[in-house]
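**Student:** Below you will find the structure I want to go over with you.
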Amino acid sequence: MAGMNTPGTPGIGVEPLNTPRLQRNPTGYFRVPLATHRLANKIAFITGGGGKIGVETAARLIREGANVTLMDISFEALEQALVSLKDAIYTGEIATSRILTVVGDASKEEDVVAAVERTLKMFKRIDIAFLNAGVSYPATPLLETAEDRYDEVMGINVKSAFLGLKHVGKAMKVLGNGGSIILTSSIAGLRGTPGLSVYSASKFALRGLALTAANELGPDGIRVNTIHPSGVDSPMFREAWSEEKLEELKAGMPLGRFAQTHDVSSVVAFLGHEDSKFITGSFLKIDGGCISF
């Protein structure tokens, strides 16, 4: 078959058959044991860290060995997150040695600067940034959408990502170790979404930010990608739609369900790891197949 190596002939990315640490499985491919702590010694910076997706992602990264900073505007949400994340630390370490919580508004530059500086002071580096702060709203026709709604949604969804890219990107550049920055967009950033015109516009804007940042920061080994979940089963998602609309949306999911937070966190963990080291400027759909193009 074209592109395949004959047995015993090493090729690109293939080790010889006599390599002691590898086993050959019946299909002819090599099976290499994966590290159980593939993100060991990595530091992750998460905005929207007190929300359902932020907490689930923090738990996943911690279980894979990373330390995390959680930034959120709600002190109470961060307190609850810290309590729930203790279960992710099974090594006996004190939670506050692995988790830094920072109360701050991700759409205010001084707060983002302070959060990044506190992360560097405690952990000395940032390897992964998950820029996840965001807001939605109940479905509203375009012609009935208020200017205040536009200012709120663009100010949070787009500005927070811009500020995170700017200041995490600066820190990563100075540190010189490269890094991975992931922006939470949406399938609404890939198609028109009646009733959520401003939300959709904000999520499309994140693609422009990510593509530009990927080009500018690539020479420094910093990767930038967007993820595009469909409706993640969360309070924010359910508040945006009526029960009838929710059932209609679910019926359009080829996999027959809405996304769960762990569906998102696993993709973030992948993008934070070296397994994705040649992926930048990309968009990854986490949509159960509801968008096909």
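Readers should treat all values here as calculations from the given coordinates under stated rules, not as data from a laboratory. Computed from a prediction, not measured in an experiment: that's the story for all the values here. Positions of Cβ are backbone-derived with ideal geometry, glycine not excepted, and every protein chain shown enters the neighbour counts.
**Student:** Over the C-alpha atoms of the chain, what are the Rg and the largest Cα-to-Cα span, Dmax, in Å?
**Tutor:** Computed over the Cα atoms of the chain, radius of gyration and Dmax are 20.5, 69 Å.
**Student:** Gap in Å between the Cα centre of the stretch 142-215 and the Cα centre of the stretch 248-273?
**Tutor:** Cα centroid of the stretch 248-273 versus Cα centroid of the stretch 142-215: 19 Å apart.
**Student:** Something else about it: Output needed for the stretch 156-293: three equivalent-ellipsoid semi-axes, defined as square roots of 5 times the C-alpha gyration tensor eigenvalues, in descending order, whole Å.
**Tutor:** Ellipsoid half-lengths, sorted descending, are 29, 16, 12 Å.
**Student:** Hey, another quick one. If you rank L217, L175 by fewest surrounding Cβ atoms within 10 Å, what's the result?
**Tutor:** L175, L217
**Student:** Along its principal axes, what span do the Cα atoms of the stretch 216-293 show, with the longest given first and each in whole Å?
**Tutor:** 48, 26, 21
**Student:** Relative to the first principal axis of the alpha-carbon coordinates of the chain, what is the inclination of helix 197-217, with its axis defined by its Cα atoms, in degrees from 0 to 90 and to the nearest 10?
**Tutor:** Between the helix axis and the principal axis of the chain, the angle is about 40 degrees.
**Student:** Given the DSSP H assignment, sum -39500 (n - 2.57) over each helix run of at least 4 residues in the chain and divide by its residue total; what's the result at 222 nm in deg cm²/dmol, nearest 500?
**Tutor:** For the chain, the value works out to -12000 deg cm²/dmol.
**Student:** Separate question: Check T101: other-chain or 5+ apart residues with amide H under 5 Å from its amide H, H built from backbone geometry?
**Tutor:** Here the answer is L70, since their amide H atoms fall under 5 Å of that of T101.
**Student:** Further question on the same structure: List the pairs from K42/K86; K159/K285; K159/K250; K86/K277; K124/K170; K52/K86 whose alpha-carbon separation is above 20 Å, in the order I gave them.
**Tutor:** Too far apart for the 20 Å limit: K159/K285; K159/K250; K86/K277.
**Student:** Name the long-range amide H neighbours of G178: under 5 Å, sequence gap of 5 or more, or other chain; modelled H, no Pro or chain starts.
**Tutor:** none
**Student:** Determine the dipole magnitude for the chain: charges of +1 sit on the beta-carbon of Lys and Arg, -1 on that of Asp and Glu, nothing else is charged, the reference point is the Cα centre, and the result goes in debye to the nearest 20.
**Tutor:** Result for the chain is approximately 1260 debye, rounded to the nearest 20.
**Student:** In Å, what is the Rg of the alpha-carbon atoms in the stretch 112-151, and how long is Dmax?
**Tutor:** Computed over the Cα atoms of the stretch 112-151, radius of gyration and Dmax are 17.4, 49 Å.
**Student:** Moving on. Could I have the simple spin-label model distance between V135 and S282, label points 7 Å from Cα toward Cβ, reported in nm to one decimal?
**Tutor:** 3.3 nm
**Student:** Taking Cα atoms, how many degrees apart are the long axis of helix 109-123 and the longest axis of the chain, rounded to 10 and kept between 0 and 90?
**Tutor:** Rounded to the nearest ten degrees, it is 30.
**Student:** Fewest first, what order do K121, K108, K285, K203 take by the number of other Cβ atoms within 10 Å?
**Tutor:** K121, K108, K285, K203
**Student:** Right, here's the next one. Just the ratio, please: alpha-carbon radius of gyration of the stretch 89-188 over 2.2 N^0.38 Å, N its number of residues.
**Tutor:** The reported ratio for this selection is 1.30.
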